[in-house]
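As structure tokens, the structure follows; a few thoughts come after it.
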Ligand code: SF4
Ligand code: SF4
């Protein structure tokens, strides 16, 4: 292959964290390299003019293939090229003292190895293997809480067909469990009406209550879904808005009740559990401050285990509003339980120290005891598996690229909004729902292309099941045959992470873009530096 011309971008913190002159010196000394140039902003018009008429293999050290790949493909024209991500992989995660430059040399060496071992031009290969995502303009929204309602509404207002499913027999989710919205203080019921009114009769959203997703398969124009009410739908996109729920805590119920003025009497103990989510602490603190305004004389205490780290802001705020923080568990424990029914008076006995006596003396306490436990994702493991979206240990669904594309999941046309990703305030949830609706509209209008996933040679496959077991996205499916088992690939769910390709014992799986030789050359290049 002809010698490679390397172009390094200085923008987006790259030149601040990486010693580009060192890179230039290193690569200029290699036999496969013809030249190394450092340019101000590789993606913009000036660079385009500079590269106009340049021929041969081009290696760019700049930003991410997934966000800027098409810009660099345009820049390269018909020349074979390779884009190495120096921004997120070096400049954004390292600095000069933690090896940004050394890592940049290794990554560029891998890019050089890939470019020089590639059999065919990438552009040609992309042209051969990409397929259009011609998605049906119909969306399934799972979950009719604030995020699901807001997203369904925003989609329908743009003329998109929407099917909204809710597993319970009531719409509204968290809005039904709180009186006001945190932190704006907007009335929850009014917000619910604003999101729901006219959804079915005017915007023609199909709403199924007491209905869940049972199965999902990829189809030519999106996904075929089977619902628990026996309905079957084909949709071009899916929005997961299943929210979160509180376990081992009762903050939401408490919130619901105390805002009903007059129901709250006596002092208030917030018992913070190990592993509490910071979002719950923040929300509870807001409640405590509101209560302080209503009950200036009442004692309000947070019992916080030593293992829970409190921010400076929390401590300062507590001091300012005369809210006590006692480190450790509630001495003597709780001997009563708070009634959760609005019509009953609060009656809870918590043994706790008298004010000013430290933790030695213990006294009876009539007031409210609020437990701050954990918040977990509300989507069942089975459903997450059906959607092929990995969950973390707290049941939240994985995000694709948090810094660049928050709220995306890994599959085209599947989006997650609101608390299903991570706990967040109501307003943020609703804003994200609107953003996702706009992204879906853009996805439908632009008809993007997508590379196919890993490919399985069924002749070679021995049906060991390894690929189906390791794939985080459920893309390979093991099917029974007359002679045993064979793996089949669902290409839409494959992200080309490479796990199954590397582990298949008989090398039956291949990457449609990178050959084994190319991958080996890249690994060697990383090790050699
Ligand atoms: S890992 Fe390879 S041999 Fe095993 S089932 Fe998958 S494709 Fe077949
Ligand atoms: S390459 Fe990764 S995402 Fe694709 S099928 Fe294999 S393990 Fe799954």
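The values are calculated or read from the model by the stated rules, or taken from the named source; none is laboratory data. Only a predicted model underlies this, so the values are computations on that prediction, with no experimental measurement involved. All Cβ positions, glycine included, derive from the backbone under ideal geometry; neighbour counts span all protein chains shown.
Structure notes:
- With respect to the conditions (1) part of a helix (DSSP H, G or I); (2) modelled with pLDDT of 90 or more; (3) within 13 Å of ligand 2 (Cβ to nearest atom); (4) under 23 Å from residue 220 (Cα atoms), residue 501 falls short on a single one, namely (4).
- Any hit, the stretch 458-472, residues being under 24 Å from residue 240 (Cβ atoms), touching a helix residue (DSSP H, G or I) at 6+ places or on another chain (Cβ under 8 Å), in a loop (DSSP other than H, G, I, E, B) and within 16 Å of ligand 1 (Cβ to nearest atom): yes
- Filter pass, residue 417 being touching a residue at least 60 places away in the same chain (Cβ under 8 Å) and either under 30 Å from residue 287 (Cβ atoms) or surrounded by 14 or more Cβ atoms within 10 Å (Cβ to Cβ) (or both): yes
- Qualifying residue in the stretch 489-496 (condition: within 21 Å of residue 384 (Cα to Cα), in a strand (DSSP E or B) and within 10 Å of ligand 1 (Cβ to nearest atom)): yes
- Unique residue being within 12 Å of ligand 2 (Cβ to nearest atom), farther than 21 Å from residue 389 by Cα and surrounded by 17 or more Cβ atoms within 10 Å (Cβ to Cβ) when the list is 456, 430: 456
- The single residue among 57, 73 that is farther than 30 Å from residue 206 by Cα, modelled with pLDDT of 80 or more and crowded, with 18+ Cβ neighbours inside 10 Å turns out to be 57.
- Taking the criterion of being free of Cβ contacts under 8 Å to residues at least 24 places away in the same chain and within 16 Å of ligand 1 (Cβ to nearest atom), the only residue of the stretch 503-526 that qualifies is 516.
- Only residues that are surrounded by 15 or more Cβ atoms within 10 Å (Cβ to Cβ), out of contact with any strand residue (DSSP E or B) (no Cβ under 7 Å at 6 or more places or on another chain) and modelled with pLDDT under 90 were counted in the stretch 183-232, giving 1.
- Number of the condition not met by residue 485 [criteria: (1) at pLDDT 90 or above; (2) in contact with a helix residue (DSSP H, G or I) (Cβ under 6 Å, 6 or more places away or on another chain)]: (2)
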